[in-house]
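Asks: Have a look at this one.
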């Protein structure tokens, strides 16, 4: 049998089986499921309606609680004051609370006051003695006790169903013995039904349990609810589902039946969805069958063969630039597109790998591997070569103090300088951490020297335009051909010249870096606002007072200016935090002494104060940091600075506190003499401060 005929038979049988299964499922499962959903929804709505009725009874109960526990009501039981009646038991009270009856009785059940009023029609209702007696005779109400048992619910009267609430009458504080009972009631009228129906947004109705004119559906519900304490649900017609429940009276006996009608939206919507689904499935099945036949006969097999041939060609040639033809919008098209995307991704990945393998990710220049490979390829040529090696000075110091972000920025700046001045055909590479190499081909001999001078001029211009970070580069070059020289020898020669250049201006470079760090310190508000000037004045006054030489005084003033240089390496979030530092932040803050020590050691102009920078936070009692020195183990210069720095810090604004007065600061210094400060120097310093304005 041909494949086409087999396909028709298989697709036809599959569609028939699928449609039969759906109809069977819909009939046995979905329809019943919709019915159960409707039943559950109806039960929930019946409970909502019961809750609404209970809320109406609770509103009466709240009114009774409010009026029964009231001094005026308490007095009224004995005084029977007409003034109380005129002031409180007026039409407006019945209308606003939707009350039909109000009755006051004493504890013996004798009626003190009773009134009936139709709040909807705004007219008096005749309250017969017989009706009043029936109300007063209700057992849960007639059995008067200071605390009532059943005091609210439903009551069936010949005149109609009544929602009632009652409460013992006491004083406002509730401390006095009950004098009587307050009873209020509301008829379940048409208006009351409409109000409750409006609140639950559903049509509902009530019928007396003992009514003689019950409709058939109420009779069926009564029969069911007589033996079960639950909700009875029954379809009224194809549009409505009815839910029934019973409301007991104050004696616990069935009094009212409540019916709630719920529109059968779930069934209608479910049946509609099912019909649409079956129709769409039938159409889709027919289209699917025809499409499958066309695809199998004309397109699928031939296109698969074509795709397979092209993939085999790519595998043999290893040419990732070949692409499969993309036509149509089906699975084979998607397959071809995905294969093309895969080939494109592989091609891009190869390109990226080649780029990453040849370039430095930070600067974008070629890397050492590419540089050496390029030189190896030109080994057998007679072309002249000039190699220039440039090294960024002081990079480690910048990384250790300002962080690797600043160091990376310095490297990028150096790369930009090289790209700016080197010829377009030059091979520029980042050779190592702080080292760059440039390869020039077929250039005059003097071109290397001229390029070195151009690089240095460009560095100077860059520093002028960007005074934040000082760039300094040591440069060396060599020239020759790779036929007569090994590539390593050319690089080594250029490297040697570079190191000679580095030794020549290393001292000035490090001094320039320290000046850069000082500027960074000024930007961060540690030498501005007179802080350094005040410190230098204070330490000089104290130094003069204890007889230090002029040279020592100069060194002491320089120390005062640079003692906190290490704070350039502390994050701003810690340095300027307004509150107290936590333990982890305090450890980072304490490290600024060691950072400052390394900076001072690297700067020829500051090397003689490096030890003081390290130890300027040591305490007289050994409680300081980082070495825990004490007493005269601490250099004299550090003990002098500790007093001056503490006084200036206390008397000037800081991020974490307001300034102290001069007297407060002097008192704090006296308090810490022998703990943080040298006690003898403290006395001298206090005497100096006392003389200052």
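The values are calculated or read from the model by the stated rules, or taken from the named source; none is laboratory data. Just so it is clear, the model here is predicted, and its values are computed rather than measured. Neighbour counts run over all protein chains shown; Cβ positions are idealised from the backbone, glycine included.
Asks: On the given criteria, is residue 649 over 24 Å from residue 532 (Cβ atoms) and either in a helix (DSSP H, G or I) or not assigned by TED's automatic domain parsing to the domain that holds residue 638 (or both)?
Replies: In short, no.
Asks: Quick check, is residue 684 surrounded by fewer than 17 Cβ atoms within 10 Å (Cβ to Cβ), assigned by TED's automatic domain parsing to the domain that holds residue 573 and at negative phi?
Replies: yes
Asks: Identify the residue in the range 254-267 that is touching a residue at least 12 places away in the same chain (Cβ under 8 Å), surrounded by fewer than 19 Cβ atoms within 10 Å (Cβ to Cβ) and under 54 Å from the mean Cα position of the chain (by Cα) and, among all such residues, is farthest from residue 157 (Cα to Cα).
Replies: 267
Asks: Mind checking which residues of the range 535-551 are at pLDDT 85 or above and assigned to a helix (DSSP H, G or I)?
Replies: Residues satisfying the conditions are 535, 536, 537, 538, 539, 540, 541, 542, 543, 544, 545.
Asks: Any residue in the range 375-389 that is in contact (Cβ under 8 Å) with a residue 12 or more places away in the chain, in a helix (DSSP H, G or I) and crowded, with 21+ Cβ neighbours inside 10 Å?
Replies: Within the range 375-389, not a single residue is in contact (Cβ under 8 Å) with a residue 12 or more places away in the chain, in a helix (DSSP H, G or I) and crowded, with 21+ Cβ neighbours inside 10 Å.
Asks: If I ask for residues that are modelled with pLDDT under 85, within 19 Å of residue 153 (Cβ to Cβ) and surrounded by 13 or more Cβ atoms within 10 Å (Cβ to Cβ), which ones from the range 226-253 would you list?
Replies: Scanning the range 226-253 gives 248, 249, 250, 251.
Asks: Another one. Take the residues in the range 198-213 that are without any contact (Cβ under 8 Å) to a residue 24 or more places away in the chain and on the phi < 0 side of the Ramachandran plot; name whichever of them is surrounded by the most Cβ atoms within 10 Å (Cβ to Cβ).
Replies: In this case the residue turns out to be 211.
Asks: Among the listed residues 311, 279, identify the single one that is within 30 Å of residue 17 (Cα to Cα) and either modelled with pLDDT under 80 or not assigned by TED's automatic domain parsing to the domain that holds residue 194 (or both).
Replies: 279
Asks: Restricting the range 603-614 to residues that are surrounded by fewer than 22 Cβ atoms within 10 Å (Cβ to Cβ) and in contact (Cβ under 8 Å) with a residue 40 or more places away in the chain, which is farthest from residue 639 (Cα to Cα)?
Replies: 604
Asks: Could you please find all residues in the range 435-452 being outside any loop (DSSP other than H, G, I, E, B) and touching a strand residue (DSSP E or B) at 6+ places or on another chain (Cβ under 9 Å)?
Replies: 435, 436, 437, 438, 439, 440, 441, 447, 448, 449, 451, 452
Asks: From the list 595, 686, pick out the single residue that is in contact with a helix residue (DSSP H, G or I) (Cβ under 9 Å, 6 or more places away or on another chain), at pLDDT below 95 and under 19 Å from residue 542 (Cβ atoms).
Replies: The match here is 686.
Asks: Another question about this same structure. Go through the residues of the range 416-427 one by one and say whether even a single one is surrounded by 13 or more Cβ atoms within 10 Å (Cβ to Cβ), touching a residue at least 40 places away in the same chain (Cβ under 8 Å), assigned by TED's automatic domain parsing to the domain that holds residue 461 and in a strand (DSSP E or B).
Replies: For the range 416-427, residues surrounded by 13 or more Cβ atoms within 10 Å (Cβ to Cβ), touching a residue at least 40 places away in the same chain (Cβ under 8 Å), assigned by TED's automatic domain parsing to the domain that holds residue 461 and in a strand (DSSP E or B): present.
Asks: Between 304, 320, 324, which is modelled with pLDDT under 75 and outside any helix (DSSP H, G or I)?
Replies: One residue alone meets the criteria, 320.
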